[in-house]
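Working notes for the structure below.
The values are calculated or read from the model by the stated rules, or taken from the named source; none is laboratory data. Since we're looking at a predicted model, the values are computed, not measured. Don't worry about glycine lacking a Cβ; one is built from the backbone with ideal geometry, like all the others, and counts go over all protein chains shown. These accessible areas exclude ligands, DNA and RNA; they are computed on the full protein's heavy atoms, side chains included. Shrake-Rupley method; radii C 1.70, N 1.55, O 1.52, S 1.80 Å.
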Amino acid sequence: IENYSSQDTEAQRFSDGAVELILKPGANLKYFHVQDYARNVWHFTSQTALLDKDTSLTWLAGTLGSGTTKAFLDCKFLGQGANANLLGFFFGDGKQHFDQHTFQNHIVGHTTSDLLYKGALKDNAYSAFRGLIRVNPEAQRTDAYQANRNILLSQHAHADSIPELEIEANDVRCTHGATVGPVDPDQIFYLMTRGIPKIEAENLIVEGFFDPLMQKIPLESICGELTLAIQSKIGL
């Protein structure tokens, strides 16, 4: 678990980090990267995973803080039987700007990857997601999935999502999808008619939005930290 945070100051700060995860044959790794820097920080990060034969990786990138974040995550499948579960959680408010690029690079065949990035944005926050699944010519029997889901909690929040596929093999299963949209006002109205205040109703809907992602995180303490972040960002 890597957890990054800082105290707010008037001076601008810059954070530049690099992580390399090297999984040898048969290795199993759960890696959690949670960033909650103060708003005076510009955060740039590059993270790479190298997966050898019969390896398993659960990889969470949690983005809560900084004024601007630009993150690149590169997962290379180098051995047959390699499997990666790639998870992303982000929640922006104020004028936060999150720019995230992911790369599922299947170099050999009989490998699997499952990517799910979910984020919420309020106020004037902005998110850009660009995810690429690449299946190289020798990577037959690849099974790869990619999804980016965004929920907008204000009229001025904005999210751009660009999922991409590059497939050079003919015996594969690859799918992708992206959604961007506001909270359904009918859902808010329904909960308010049951006596739930609007802010609490919105919080319940946002927690429900993130629940499929939370179910994939195999560590209760991280789920608890992210749940507290949701409540703090909404304003409970």
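In order along segment 122-133, phi translates into HN-Hα couplings of 9, 6, 10, 5, 9, 9, 10, 10, 9, x, 10, 9 Hz, rounded to whole numbers, per the Karplus curve 6.51 cos²θ - 1.76 cosθ + 1.60 with θ = phi - 60° and x for Gly and Pro.
Kindly identify segment 169-236 as rounded, prolate or oblate by the Cα gyration tensor criterion: order the square roots of the eigenvalues as a ≥ b ≥ c, call it rounded if a/c is under 1.5, otherwise compare a/b with b/c, prolate if a/b is larger, else oblate.
oblate
The share of accessible area on segment 125-236 that comes from carbon and sulfur is 51 percent, using a 1.4 angstrom probe. Positive contributions from Lys and Arg (+1) and negative ones from Asp and Glu (-1), summed over other residues with Cβ under 10 Å from the Cβ of residue 114, come out at 0.
With Cα atoms as the point set, the radius of gyration and Dmax of the chain evaluate to 18.4, 58 Å. Phi angles of segment 181-197 translate, via the Karplus equation with coefficients 6.51, -1.76, 1.60 and θ = phi - 60°, into HN-Hα couplings of x, x, 5, 5, x, 5, 5, 4, 4, 4, 5, 5, 5, 8, x, 8, x Hz per residue; Gly and Pro are given as x.
The residues of the chain have, on average, 47 Å² of accessible surface per residue, using a 1.4 Å probe with all protein chains present. Under 5 Å between amide hydrogens, built in the peptide plane, is the criterion, and for residue 115 it picks out 86, 145, 146, 147 among residues at least 5 positions away or on other chains. Less than 17 Å apart at the alpha-carbon level, and either on another chain or at least 8 residues along: which lysines does that give for residue 118? Correct list for residue 118: 70, 216, 233.
Taking amide H as placed 1.01 Å from N in the peptide plane, the amide H of residue 93 sits under 5 Å from that of 122, each at least 5 places away or on another chain. Relative contact order for segment 1-132: 22 percent, from Cα pairs under 8 Å spaced at least 6 residues apart, divided by residue count. Peptides 221-230, 30-39, 81-90 ranked from most to least packed give 81-90, 30-39, 221-230, packing being the mean of other C-beta atoms within 10 angstrom over each peptide's residues.
When the solvent-accessible area of segment 11-81 is split by element, carbon and sulfur atoms take up 54 percent of it, the probe being 1.4 Å. Taking the helices alone, the chain has a mean residue ellipticity at 222 nm of -5500 deg cm²/dmol, built from -39,500 (n - 2.57) per DSSP H run of at least 4 residues and averaged over all its residues.
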